[in-house]
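First comes the structure, then the notes that go with it.
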Amino acid sequence: DHYIDKKNTIWIDPPIEGSTDVEAFSRRIQNQLNIQEDLFDIFNNMTYETTVVFNDMELWWERRSGGDEVLHKIIDLIQIYGSKVLFILNCNSHSFNIIKKLLPFEDNCLSIIDCEPFNAKELQQLILGRHYSSGITFNYKDSNEESVSQLSLSLLFNSYFNTTKGIPGVALNTWKSNIMDSEEDTIIIKKPQSPDYKILMDLQPDWLTILALFI
């Protein structure tokens, strides 16, 4: 917060289902900026000291032939525009341990930072910071956000911590998945609930093995 101009920061989220399509990647940036220009023209016209954050980088990648085209494009952007644009990439650590063996991200980054899980207060600051930047308000338990007590907020974000284990990306996605409805410029949210994993105990052993391989 002390080193980055929030007003000059661009957040790029991948599709929830992921994508390895460079065109889909370009459209994501175009739609975020509401600029329908060639990807390189967009970056050429960016002001100096712009910050571009690529969230959940692993969702732009698949472990197969041709599954790394978007990541190659990100490396190209860093190499060409790194002197004027600060790129911040966040990625699941398990995925990154594989990706860094296949692609030269470490050679093209100033630093690789392993982030510890957030506590409940830090999750609250993260989620509400992103929420306030949207210009909309939220309603929780039939109360507008201005009327929600600090105790209710603390209990709400303690639930986020318990549900997400303090992982920031998971917490942000959990916030979005717990939007129940929207009314004009207000979203209606609910408290997250931990998924019931008991059903996994009823799966056949072969299925559990397959799931483990995916993980």
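List of remarks:
- Taking the listed residues 59, 77, the one that is closer than 19 Å to residue 101 by Cβ and modelled with pLDDT of 90 or more is 59, with no other qualifying.
- Helices (runs of 4 or more DSSP H) wholly inside region 116-215 that include at least 1 residues being at pLDDT 90 or above, closer than 21 Å to residue 13 by Cα and open to solvent by less than 60 Å² (accessible area, probe 1.4 Å): 120-133, 150-164, 168-177
- Just one of the numbered conditions (1) touching a strand residue (DSSP E or B) at 6+ places or on another chain (Cβ under 9 Å); (2) touching a residue at least 60 places away in the same chain (Cβ under 8 Å) is not true of residue 182: (2).
- Counted residues, region 94-115 - those being of a type in the set (S, T, N, Q) and open to solvent by less than 50 Å² (accessible area, probe 1.4 Å): 2
- Residues that are out of contact with any helix residue (DSSP H, G or I) (no Cβ under 7 Å at 6 or more places or on another chain), β-branched (Val, Ile, Thr) and without any contact (Cβ under 8 Å) to a residue 40 or more places away in the chain, drawn from region 101-143: 113
- Residue match in region 82-93 (condition: open to solvent by 70 Å² or more (accessible area, probe 1.4 Å), farther than 17 Å from residue 12 by Cβ and either modelled with pLDDT of 95 or more or of a type in the set (S, T, N, Q) (or both)): yes
- Elements of type helices (runs of 4 or more DSSP H) contained in region 1-104, each with 1 or more residues being under 17 Å from the mean Cα position of the chain (by Cα): 22-33, 69-81, 93-102
The values are calculated or read from the model by the stated rules, or taken from the named source; none is laboratory data. Quick caveat: nothing in here was measured; it's all calculated off a predicted structure. Reconstructed Cβ throughout: ideal geometry from the backbone, glycine too, with neighbour counts over all protein chains shown. The area values use the complete protein model at the heavy-atom level, side chains included, leaving out ligands, DNA and RNA. Shrake-Rupley method; radii C 1.70, N 1.55, O 1.52, S 1.80 Å.
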